[in-house]
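Every read-out reported here was derived from the displayed coordinates using simple, explicitly stated rules and does not represent laboratory data. Note that the structure is a prediction, hence the values are computed from the model and not measured. Backbone-built Cβ (ideal geometry, glycine too); neighbour counts: all protein chains shown.
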Amino acid sequence: MSEAYEDQSSEMEASADGEIDEVPVPVQPKPPRPYVRALILAVTVVFGLGVLVISGFIEGKEEAAVEAEREGAIKAPLRVKLQPHGEPIVTLDAATQKRIDLRTIVPTLTHYEDQVRAYGRVVDLANLTMLNTNYVAATSQLNTAKAHLAASQPSFERAQSLYERNIDSLAQKETAVAGGARCAC
């Protein structure tokens with residue numbers, strides 16, 4: 001018997017020459033016990049959780065590195081240079097100047113006018129409106145008086161000429177004069 005088949009049961013067979021030979025019969029493996037299945041499942045779950053934790057840690061480190069790079073100090077572009085007195089000079093290439101429509105032009109000569117310094121005071125608009133209204137009302141009254149004078153002037157002149165010729169009575173002249181005097185107001 002060979003060692004590979006020691007644990008297995010064997011059957012005896014008779015061969016054609018009359019000798020009895022032993023033939024090994026394979027034994028079916030026993031089903032795993034329930035605790036072995038639970039152990040395999042637990043190891044798989046722990047391994048999976050470990051992989052998730054490690055990948056999360058690695059991603060967190062990468063994200064922290066990217067964020068630290070973004071939050072770093074802002075560096076001035078290379079086209080800005082500082083003069084010794086602190087005045088910045090910006091140098092732009094021709095393509096950038098054309099894109100932003102930057103042009104250098106020569107200013108035209110103009111006559112310089114001196115500036116005059118003046119002082120003023122802010123006035124309430126209600127007072128100015130009231131003064132304007134009073135002015136318009138007075139102008140209207142003046143025009144009305146001129147119209148009355150123009151309307152009564154011919155009557156007055158007629159009555160005066162009649163009085164000078166003694167054609168009309170003195171009462172009529174006084175009435176005409178009073179009408180003219182009233183309009184002169």
#### Entry: Cβ-defined net charge surrounding A65, 12 Å radius [Lys, Arg +1; Asp, Glu -1]
-4
### Query
If you stretched the chain out fully between S55 and N166, how much longer would it get, using 0.36 nm times the residue separation minus the C-alpha to C-alpha distance?
26.6 nm
### Task
Would you kindly state how much longer the chain becomes between V106 and K81 on full extension, computed as 0.36 nm times their sequence separation minus their alpha carbon distance, in nm to one decimal?
6.5 nm
